[in-house]
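Data block below; observations after.
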Amino acid sequence: MAATKKMFPVGTSASLGGYISPGGELLMAVNLTQEEVDEWNGVKPKPKKKAAPKVNENSTKLEMEAAGRKAGIELDRRKSKKSLWTQLKKVMK
């Protein structure tokens, strides 16, 4: 039998160890997953961050520029790829 919010007092929250009353008393000891706890408590999952693109000397100037911005520097794409890569390597160490 699955637990529903109608079974508990208003303000009941879920934790990994079970359902907790608004006063902090354990109402029902149940092992819950983090997803079940988040759904019960109304927590929205955070969007996954995109992995930072791996940049190397064969990357495009646009990729190098984006990686430089993430590292906190501004690269001038009018320069050669070799020059951009040299600047980027110094920052990425």
(message) Only one of Lys54, Lys70, Lys44 is of a type in the set (D, E, K, R), loosely packed, with under 14 Cβ neighbours inside 10 Å and farther than 30 Å from Leu88 by Cα. Can you tell me which?
(response) Lys44
(message) Pull out all pairs, ordered by first then second residue, where Cβ-Cβ is under 9 Å, the residues are six or more apart or on different chains, the first lies in the range 39-52 and is farther than 30 Å from Ala67 by Cα and hydrophobic (A, V, I, L, M, F, W, C), and the second is modelled with pLDDT of 80 or more and in a helix (DSSP H, G or I).
(response) Trp40/Lys5; Val43/Val37
(request) Give the range 61-93 a look and list any residue that's part of a loop (DSSP other than H, G, I, E, B) and of a type in the set (Asp, Glu), or say none. (result) Glu74, Asp76
(request) Exactly one condition in (1) more than 22 Å from the chain's Cα centre (by Cα); (2) surrounded by 12 or more Cβ atoms within 10 Å (Cβ to Cβ) is not met by Asn31; state its number. (result) (2)
(request) Being among the basic types (Lys, Arg) and touching a Lys or Arg at 6+ places or on another chain (Cβ under 9 Å) is the filter; apply it to the range 79-93 and report the residue that is surrounded by the fewest Cβ atoms within 10 Å (Cβ to Cβ). (result) Lys79
(message) Restricting to the range 1-60, name every residue that is more than 30 Å from Gly72 (Cβ to Cβ), of a type in the set (A, V, I, L, M) and part of a loop (DSSP other than H, G, I, E, B).
(response) Met1, Ala2, Ala3, Val10, Leu16, Val30, Leu32, Val43
(message) What pairs come out if I take residues in the range 77-93 that are farther than 11 Å from Thr60 by Cα and pair them with residues that are among the small types (Gly, Ala, Ser) and surrounded by 12 or more Cβ atoms within 10 Å (Cβ to Cβ) whose C-beta lies under 8 Å away, six or more apart or interchain?
(response) Gln87/Gly68; Leu88/Ala67; Leu88/Gly68; Leu88/Ala71; Val91/Gly68; Val91/Ala71; Met92/Ala67; Met92/Ala71
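The values are calculated or read from the model by the stated rules, or taken from the named source; none is laboratory data. All values reported here derive from a predicted model rather than from experimental measurement. Methodologically, a virtual Cβ is constructed for each residue, glycine included, from the backbone with ideal geometry; neighbour enumeration extends over all protein chains shown.
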